[in-house]
1. Can you list the trypsin sites (Lys or Arg not before Pro) in the stretch 39-68 that are in a DSSP coil and have 16 or fewer other beta carbons within 10 angstrom?
2. So which aspartates and glutamates can residue 178 reach, going by Cα to Cα under 17 Å and dropping same-chain residues fewer than 8 places off?
3. Only counting other Cβ atoms within 10 Å, I'd like 176, 50, 138 sorted with the fewest neighbours first.
4. Translational D (Stokes-Einstein, µm²/s) of the stretch 100-200 at 25 °C and 0.890 mPa s when Rh comes from the Kirkwood sum over C-alpha pairs?
5. Starting with the highest mean, order 112-119, 127-134 by the number of other Cβ atoms within 10 Å, averaged over the residues of each peptide.
6. Taking the Cα centre of the stretch 77-130 as the origin, how large is its charge dipole in debye, to the nearest 20, when only Lys and Arg (+1) and Asp and Glu (-1) carry charge on their Cβ atoms?
7. Run the quick spin-label model on residue 126 and residue 56: label points 7 Å from Cα toward the beta carbon, then report their separation in nm to one decimal.
8. What does the highest-first list of 69-80, 92-103 look like by mean Cβ count within 10 Å?
Amino acid sequence: MDRFLRIAIPTMFAGIALALLYWLFSASSKGSNRDPVAKLAVGALSKLDVSDKGALAPPAPFIDADGNAVTYQVFEGQAILVNFWATWCGPCEREMPSLGALERSRGGDAFKVIAISVDEPADRDYAQQRLRELSGGVLDFYTLADGPDGWNVVYDSGAGGGFPTTIIYDRTGTKVAKVEGDADWGSYEAVALIDLITED
């Protein structure tokens with residue numbers, strides 16, 4: 001009996017320790033998160049960050065192609081994917097065709113891709129031309145407002161750590177996720193994310 005206890009007790013403690021380690025790993029793992037958006041942080045969307053989920057879209061203005069000031073609130077009722085990009089940013093240009101593909105496949109009353117250029121005012125005409133070329137002409141051109149407050153839309157959105165940065169808001173103007181760096185927006189994961197946040 002003594003021999004049995006000498007084996008059984010350490011084995012029991014080892015099993016408990018393994019169970020605790022498994023539980024800790026599962027609780028901290030991205031893939032085990034119960035949030036359906038966080039579960040899509042794999043493959044092409046491995047950089048998907050939901051840590052600031054629930055923040056409201058800021059009221060800071062940006063400028064449309066006609067020179068009018070607009071805010072995210074103009075798009076109320078639509079889920080929006082906001083992409084901050086620039087022509088001097090290689091990864092920005094690399095991902096733009098897939099943003100165009102996402103707009104073609106999912107754009108409409110329920111969803112819109114908004115590409116906001118952070119290029120200098122002197123480069124805006126070129127940026128507008130590049131957006132048309134890179135997206136296949138399907139994305140509307142937006143830029144930062146002039147003046148010292150122009151960058152507020154970037155920082156207030158939770159971007160500013162580099163470009164490209166993409167922020168996703170649901171139909172109520174609530175932040176769903178952020179992606180820093182380029183991504184393949186034509187991927188299964190990206191389309192699944194948009195379908196998830198636009199379903200009724």
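Just so it is clear, none of the values below were taken in a lab; they were calculated from the coordinates. For clarity, every value in this text was computed on a predicted model and none was experimentally measured. Positions of Cβ are generated from backbone atoms using ideal geometry, with glycine treated the same way; all protein chains shown enter the neighbour counts.
1. Loop-located and lightly packed - 47, 53.
2. Cross-link targets: 35, 49, 52, 95, 156, 170, 189, 195.
3. On the way: 176 23, 50 19, 138 15.
Starting with the residue having the fewest Cβ neighbours, the order is 138, 50, 176.
4. On the way: Rh = 14.7 Å.
Answer, rounded: 167 µm²/s.
5. On the way: 112-119: 22.1, 127-134: 18.0.
Highest mean packing first, the order is 112-119, 127-134.
6. On the way: 6 positive and 8 negative charges, 49 e Å.
Result for the stretch 77-130 is approximately 240 debye, rounded to the nearest 20.
7. About 4.0 nm separates the two model spin labels.
8. Details: 69-80: 16.1, 92-103: 21.5.
The most tightly packed comes first, giving 92-103, 69-80.
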